[in-house]
Amino acid sequence: EPEVTQTPSHQVTQMGQEVILRCVPISNHLYFYWYRQILGQKVEFLVSFYNNEISEKSEIFDDQFSVERPDGSNFTLKIRSTKLEDSAMYFCASMPRRGTYSNQPQHFGDGTRLSIL
Amino acid sequence: DQQVKQNSPSLSVQEGRISILNCDYTNSMFDYFLWYKKYPAEGPTFLISISSIKDKNEDGRFTVFLNKSAKHLSLHIVPSQPGDSAVYFCAASESNFGNEKLTFGTGTRLTIIP
């Protein structure tokens, strides 16, 4: 069964450094998302992406964050200058074309654990 | 801002019996509800979903019930198996032409006792 793959599985970075988290969504999917889960808290929406542009972003997704789909397969999340509070699990998700009268579930990768020192 | 709530952080059920996980929501604009299962060091795995036009959806051992007037949904697993031990997340979204963001509950850790 097709999967969303994320790399690396664990990223350790010094505070203030830039980090790029990578995702390969399922190949025929059109909608892409990033979520994060801080330890002990709920999974939170960060950003959705469709047709090469951001559809919606949360308050968390400030100017330090950006997303890109540089080619036909990768979807990346960049944090320009990391802070201690950016330490979390970051999940990528993708979804196929939504039917006119039906919803589709989002499929998640296994996440990247980001540790900021 | 807890739009989706799972009030039971944990649940233990004997193997072979029914597991019932509950979820409440406050946003009346939500029209699509999902259950995800999560093992440690893995991402959430989609289990089953239900649209607000239905009150029940069944897939094998898993059934989701939706009570819109009470803003409550539940996941029934029967019979429960040891492999069902995991954290279960309820999630909800409102239709937005495919750009639906999911709002998650805090999860319920289900332990199946052999």
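Values quoted throughout were computed directly from the atomic coordinates according to the rules given, and no laboratory measurement underlies them. None of these values were measured; they are calculated from a predicted model. Because the Cβ atoms are built from the backbone with ideal geometry, glycine has one as well, and the counts that use them run over all protein chains shown.
No other residue among A:98, A:80, A:22 is surrounded by fewer than 20 Cβ atoms within 10 Å (Cβ to Cβ), farther than 20 Å from residue B:44 by Cβ and in contact (Cβ under 8 Å) with a residue 24 or more places away in the chain apart from A:80.
Total residues in segment A:58-117 satisfying the condition of being in contact with a Lys or Arg (Cβ under 6 Å, 6 or more places away or on another chain) and of a type in the set (Phe, Trp, Tyr): the figure is 2.
Taking the criterion of being surrounded by fewer than 21 Cβ atoms within 10 Å (Cβ to Cβ) and at the interface with chain A (Cβ under 7 Å from one of its Cβ atoms), the only residue of segment B:102-113 that qualifies is B:106. Against the list (1) farther than 23 Å from residue A:30 by Cβ; (2) at the interface with chain A (Cβ under 10 Å from one of its Cβ atoms), the condition residue B:82 fails is (2). Of the strands (runs of 3 or more DSSP E) lying entirely inside segment A:46-91, those containing at least 1 residues that are within 14 Å of chain B (Cβ to nearest Cβ) and not aliphatic (A, V, I, L, M) span A:53-57. Restricting segment B:1-52 to residues that are in contact with a Pro (Cβ under 6 Å, 6 or more places away or on another chain) and away from chain A (no Cβ under 12 Å), the residue that is nearest to residue A:6 (Cα to Cα) is B:15. Tell me whether segment B:31-39 contains one or more residues that are surrounded by fewer than 20 Cβ atoms within 10 Å (Cβ to Cβ) and more than 17 Å from residue A:106 (Cβ to Cβ). Looking through segment B:31-39, at least one residue is surrounded by fewer than 20 Cβ atoms within 10 Å (Cβ to Cβ) and more than 17 Å from residue A:106 (Cβ to Cβ).
Filtering segment A:101-117 to residues that are small (Gly, Ala, Ser) and either part of a strand (DSSP E or B) or in contact (Cβ under 8 Å) with a residue 12 or more places away in the chain (or both) leaves A:109, A:111, A:115. Within segment A:25-45, being out of contact with any Cys (no Cβ under 9 Å at 6 or more places or on another chain), more than 10 Å from chain B (Cβ to nearest Cβ) and surrounded by 12 or more Cβ atoms within 10 Å (Cβ to Cβ) holds for A:26, A:29, A:36, A:38.
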